[in-house]
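Report on one structure; see the data block that follows.
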Amino acid sequence: MVPIKEADPQVVGIPALIPSQSPAIVPVEKTSAAKAEEKQARTFNLEWANRLHRNLLSNEAAMAYCQQRGWDIETIQYFKLGLSLPGETTDKATGEKYANCGYLSHPVKSVDGTFIGQSPHHKLPGVTQEANPSRGKTFCFGSTNAYFSARHDSQPYLIGCDGMKDLWSVRQALRGSVHEDKYHDVSSTPGGGNIPASLRENFFHRFEKVYMAHDNDKPGRDKFGAPTAPAGDMHAIKWAKYAPTNSYRVKPEGETKDWNDFFAKEGRKLDDFLLLLKNARSMSSIELLDDETISTGRQAYS
């Protein structure tokens, strides 16, 4: 990286000053989140992304996985899905190095429709080779970021997904239909209940309706054996905190866990999805916790 001269006004983004002139306005210090976002935007490498994309297209096993998940070639190209090359990561706590390769990898699509350099990674059964036993199914280096389906351009409805794989399936179902320009889709780079800082301040208010389309999980148990609410419902509640007046809960029915299963495994169509959106209930009135998660007597704090 070429060092930036501290006195270069074109780099720091302030007008050049006459030597005898003192600045009238002191520049506002950017938050760490804003600095991280700018750094990620600068480091996006189109050539590298295209190389990983070609690597995916040439790998039969990885492409078979994508086909099984229901993503067609247009979706793979649109989101610039790729396959990671052999690499090495270092555990910051121990300093130990781990070899890895064969992750489904892709850049993050930002709210303006462009890509930034942050790259989530997803394990592919039978393809990914990872020496680190603690690595999860999906991981992403850096801060939590919002991952969008397209450029935000006055769409009236927003669909919040539990993960990027579900977002790809929803976007593909909407593609080419008269409804495509009505819906904007978003997830977060770690997925689940993580909500990016960029969505917390008035972002949801731009939309008439925000559909909390998180997973259809079953109730769980905490370490004390007490019943806990379904994770997807709790994620929806956490997101709806920032959309108190226009949030609606929608999820697959029955045993179907998520939208990828809904379209790829269950063979559901766009009309089935739109019907669920039509019947979605306001988060202010919906009962998210079923009887299995409620019991009498003393309860664990969680």
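Within the range 58-115, the set of residues being among the hydroxyl-bearing types (Ser, Thr, Tyr), in a strand (DSSP E or B) and either out of contact with any strand residue (DSSP E or B) (no Cβ under 6 Å at 6 or more places or on another chain) or surrounded by 13 or more Cβ atoms within 10 Å (Cβ to Cβ) (or both) comprises 89, 98, 105. Somewhere in the range 195-217, is a residue over 22 Å from the mean Cα position of the chain (by Cα) and crowded, with 18+ Cβ neighbours inside 10 Å? No - not one qualifying residue is present in the range 195-217. Residues that are at pLDDT 95 or above, closer than 22 Å to residue 240 by Cα and more than 14 Å from the chain's Cα centre (by Cα) were ranked within the range 152-172; the one that is least open to solvent (accessible area, probe 1.4 Å) is 155.
May I ask you to verify whether residue 125 is open to solvent by 20 Å² or more (accessible area, probe 1.4 Å), farther than 19 Å from residue 274 by Cα and without any contact (Cβ under 8 Å) to a residue 12 or more places away in the chain?
On the way: open to solvent by 20 Å² or more (accessible area, probe 1.4 Å): yes; farther than 19 Å from residue 274 by Cα: yes; without any contact (Cβ under 8 Å) to a residue 12 or more places away in the chain: no.
So residue 125 does not fit the description; no.
Among the residues of the range 260-271, those identified as part of a helix (DSSP H, G or I) and under 17 Å from residue 215 (Cβ atoms) are 260, 261, 262, 263, 264, 265. Just the residues that are surrounded by 12 or more Cβ atoms within 10 Å (Cβ to Cβ) and either at pLDDT 55 or above or of a type in the set (A, V, I, L, M, F, W, C) (or both), please, taken from the range 282-295. Passing the criteria: 282, 283, 286, 288, 289. Scan the range 125-170 for residues that are of a type in the set (D, E, K, R) and assigned to a strand (DSSP E or B) and the total you get is 1.
Is it true that some residue in the range 221-229 is within 13 Å of the chain's Cα centre (by Cα), in contact (Cβ under 8 Å) with a residue 60 or more places away in the chain and surrounded by fewer than 24 Cβ atoms within 10 Å (Cβ to Cβ)? Steps first, please.
Residues of the range 221-229 that are within 13 Å of the chain's Cα centre (by Cα), as a first pass: none.
No, every residue in the range 221-229 fails to be within 13 Å of the chain's Cα centre (by Cα), in contact (Cβ under 8 Å) with a residue 60 or more places away in the chain and surrounded by fewer than 24 Cβ atoms within 10 Å (Cβ to Cβ).
For the range 196-248, a tally of residues being over 17 Å from residue 161 (Cβ atoms) and either among the aromatic types (Phe, Trp, Tyr) or in a loop (DSSP other than H, G, I, E, B) (or both) returns 16.
Residue-by-condition table, conditions (1) modelled with pLDDT under 90; (2) aliphatic (A, V, I, L, M); (3) touching a Gly at 6+ places or on another chain (Cβ under 7 Å):
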site	(1), (2), (3)
77	no, no, no
81	no, yes, no
92	yes, no, no
113	no, no, no
121	no, no, no
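Evaluating residue 148 against the criteria (1) surrounded by fewer than 22 Cβ atoms within 10 Å (Cβ to Cβ); (2) in contact (Cβ under 8 Å) with a residue 40 or more places away in the chain; (3) at negative phi leaves one unmet condition, (2).
The values are calculated or read from the model by the stated rules, or taken from the named source; none is laboratory data. None of these values were measured; they are calculated from a predicted model. Ideal geometry is used to build each Cβ from the backbone, glycine not excepted, and the neighbour counts take in all protein chains shown. The protein model used for the area step is the full one, side chains on, heavy atoms only, and it has no ligands, DNA or RNA in it. Shrake-Rupley method; radii C 1.70, N 1.55, O 1.52, S 1.80 Å.
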